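Here is the structure we will look at, set down as structure tokens.
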Amino acid sequence: MKQLVSKNWDAILEMLENDFEIKPVLFTTFIKPLKVYDENDDTVVILLDDDVYQHNDSYVKEKFYAFIKNSIEAVTGKSYNLNFISKEEVENYDTEKSNNNKLMERAASANLNPNYTFDTFVIGENNRFVTAAALAVAENPNTDWNPLFIYGGVGLGKTHLMHAIAHYILENQKDARVLYVTSEQFTNEVIESIKEGVLAPKEFRKKYRNIDALLIDDIQFVIGKKRTEEEFFHTFNELYQAGKRIIISSDRPPKDFTDIEDRIRSRFGNGMLSEINPPDYETRMAILKKRCELENEHLSDEILDYIATNVNSNIRELEGAYKKVTALNKLVNVNTEATLEIAKNALKDIINPNVKNVITIDTIIDVVASHYELSIDQLRSANRSSNVAYPRQIAMYLCKQLTPASLKEIASKLGKKDHSTIVHGIKKIEEDLEEEKKTNKNDLSVKLDVITKLISS
């Protein structure tokens, strides 16, 4: 069955001949011999006449590219990229296409999203280290960073990064067996294998233990399910001892798992623990621009700034806001560039323009200093006396909780050379909060609530 462009090729040629100011001799020589060799959702492969190609390669491609592209879009109603090949290149093209198809089949059998690759993953200060760890594990299973345990909040890119690792392995190791599953899928398969009887558990173990890379998303949902934990433990051991890659994600680090066997928690700590944090403003802008590039959309910097400034919780919500703007623009403003007004209208349920309540590190430092009757300079100083150091640690903790800022940014604002001091300060407040729970006290938590309300007001 003919595809869209092939089906309408005669009409496209007719438009090129009649609706553009192309001299008849040029149309007859260069355009009429062209044939559609292949097409997919975004690209049309056009076969060049050999004689024309040999002597007029750049002329054919550059002179008529825009004409052909515009005619295709006018007739089919869809925009395509164009790729020109000669008859001599057909064999290489077919081979490459066959290899790509096989790769796509392997990726599909591994449960991978084709859009989640390293090429589409935007690197910022919030995820630079975890990306380096992901690449290290993807390139070499025999690394100290295997197993890789990625943790962080919802919608920060953990799943994207895991799929990217899997795609990289498949692309660079032709025989590699890779499997990505959610913890829910893993649990359901455990339950099903138990229900089906004697042979089913053997099939389950064969599936999960005879692979080169296992990726399990949201492992926290396995915790507390004893049979699932047991199967995971033995699967982990088999793969780890065989030197296979193991990549795990969670919404929190292993130390925060309360209902888990120590033997499993210790396995998580054998490799690399790596946190992915909320993106800062610059990264959010880069993500939005990347989406525009990938989807061939054009949104002004003014609109992107509006989205990036006001949607700062996670990447999922950021991309959701982007989709709302582009969708509404296509409905009400067809073939015209989106305006800031359209963006504000699209996001009115998400963003209240009358509320200017963007919490910053500077705001937190100011409020904490005022609450403890300190100057901002004192809070930023190297003074280690408890009346200064503890409020400083509270400021560190609140900066981490209330802003998308990186540890590096927090350190810079508080006058620290590196983020290790920030990590220590945050940990101190977290430990004190945990101790309060054990003693049924709430002095610190009440104090934090009071300060948070002052910051938010």
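The values are calculated or read from the model by the stated rules, or taken from the named source; none is laboratory data. Remember, it's a predicted structure, so these values are computed and weren't measured experimentally. Here the Cβ positions follow ideal geometry from the backbone for every residue, glycine too, while neighbour counts run over all protein chains shown.
In the stretch 432-443, is there at least one residue being at pLDDT 90 or above and among the aliphatic types (A, V, I, L, M)?
no
Among the listed residues S86, S58, which satisfies the condition of being modelled with pLDDT under 85 and surrounded by fewer than 12 Cβ atoms within 10 Å (Cβ to Cβ)? Steps first, please.
Working: S86 fails: surrounded by fewer than 12 Cβ atoms within 10 Å (Cβ to Cβ).
After applying the criteria, what remains is S58.
Of all residues in the stretch 231-275, count the ones that are free of Cβ contacts under 8 Å to residues at least 60 places away in the same chain, farther than 22 Å from V154 by Cα and among the charged types (D, E, K, R).
Residues meeting the conditions: 5.
Would you pick out the residues in the stretch 274-295 that are surrounded by fewer than 17 Cβ atoms within 10 Å (Cβ to Cβ), farther than 19 Å from T117 by Cα and touching a helix residue (DSSP H, G or I) at 6+ places or on another chain (Cβ under 8 Å)?
Y281
Which of the residues belonging to the stretch 90-116 are touching a His at 6+ places or on another chain (Cβ under 7 Å) and assigned to a helix (DSSP H, G or I)?
Of everything in the stretch 90-116, just one residue is touching a His at 6+ places or on another chain (Cβ under 7 Å) and assigned to a helix (DSSP H, G or I), namely A107.
Taking F233 and the conditions (1) under 20 Å from Q185 (Cα atoms); (2) in contact with a strand residue (DSSP E or B) (Cβ under 8 Å, 6 or more places away or on another chain); (3) among the aromatic types (F, W, Y), which numbered condition does it fall short on, given that it satisfies the others?
(2)
Taking into account only those residues within the stretch 351-397 that are among the hydroxyl-bearing types (S, T, Y) and outside any loop (DSSP other than H, G, I, E, B), which is surrounded by the most Cβ atoms within 10 Å (Cβ to Cβ)? Full working, then the answer.
Applying the first criterion (among the hydroxyl-bearing types (S, T, Y)) to the stretch 351-397 yields 360, 363, 370, 372, 375, 381, 385-386, 390, 397.
Next cut, outside any loop (DSSP other than H, G, I, E, B) only: 363, 370, 386, 390, 397.
On the way: T363: 18, S370: 14, S386: 8, Y390: 16, Y397: 24.
Per the criteria, the residue is Y397.
Quick one: which residue in G157, G153 is buried (at least 20 other Cβ atoms within 10 Å of the Cβ) and either small (G, A, S) or under 20 Å from M285 (Cα atoms) (or both)? Let's see the steps before the verdict.
Values: G153 fails: buried (at least 20 other Cβ atoms within 10 Å of the Cβ).
Within the list G157, G153, the selection yields G157.
Give me the helices (runs of 4 or more DSSP H) completely within the stretch 117-227, filtered to those with at least 2 residues that are of a type in the set (A, V, I, L, M, F, W, C), more than 13 Å from the chain's Cα centre (by Cα) and within 30 Å of A411 (Cα to Cα), ordered by residue number. So that I can check it myself, show each step before the final result.
Working: elements: 128-139, 158-172, 183-196, 199-209.
Ranges flagged: 128-139.
Within the stretch 324-338, work out how many residues are among the aliphatic types (A, V, I, L, M), part of a helix (DSSP H, G or I) and surrounded by 20 or more Cβ atoms within 10 Å (Cβ to Cβ). Steps first, answer last, please.
To start, the set of residues in the stretch 324-338 that are among the aliphatic types (A, V, I, L, M) comprises 325, 327-328, 331-332, 334, 338.
Now restrict to residues that are part of a helix (DSSP H, G or I): 325, 327-328, 331-332.
If we keep only those that are surrounded by 20 or more Cβ atoms within 10 Å (Cβ to Cβ) too, we end up with 325.
So the count comes out to 1.
Looking only at residues in the stretch 398-414 that are under 26 Å from the mean Cα position of the chain (by Cα) and not aliphatic (A, V, I, L, M), which one is surrounded by the fewest Cβ atoms within 10 Å (Cβ to Cβ)?
Out of the qualifying residues, it is Q401.
Checking the conditions here, which among K438, K428, K417 is over 20 Å from S456 (Cα atoms), over 26 Å from the mean Cα position of the chain (by Cα) and part of a loop (DSSP other than H, G, I, E, B)? It would help to see each step written out before you state the result.
Working: K438 fails: part of a loop (DSSP other than H, G, I, E, B); K428 fails: part of a loop (DSSP other than H, G, I, E, B).
None of the other options fit; the residue is K417.
For A405, state whether it is of a type in the set (A, V, I, L, M, F, W, C), out of contact with any Phe, Trp or Tyr (no Cβ under 8 Å at 6 or more places or on another chain) and over 24 Å from Y281 (Cα atoms).
On the way: of a type in the set (A, V, I, L, M, F, W, C): yes; out of contact with any Phe, Trp or Tyr (no Cβ under 8 Å at 6 or more places or on another chain): yes; over 24 Å from Y281 (Cα atoms): no.
No; evaluated as a whole, the condition is false for this residue.
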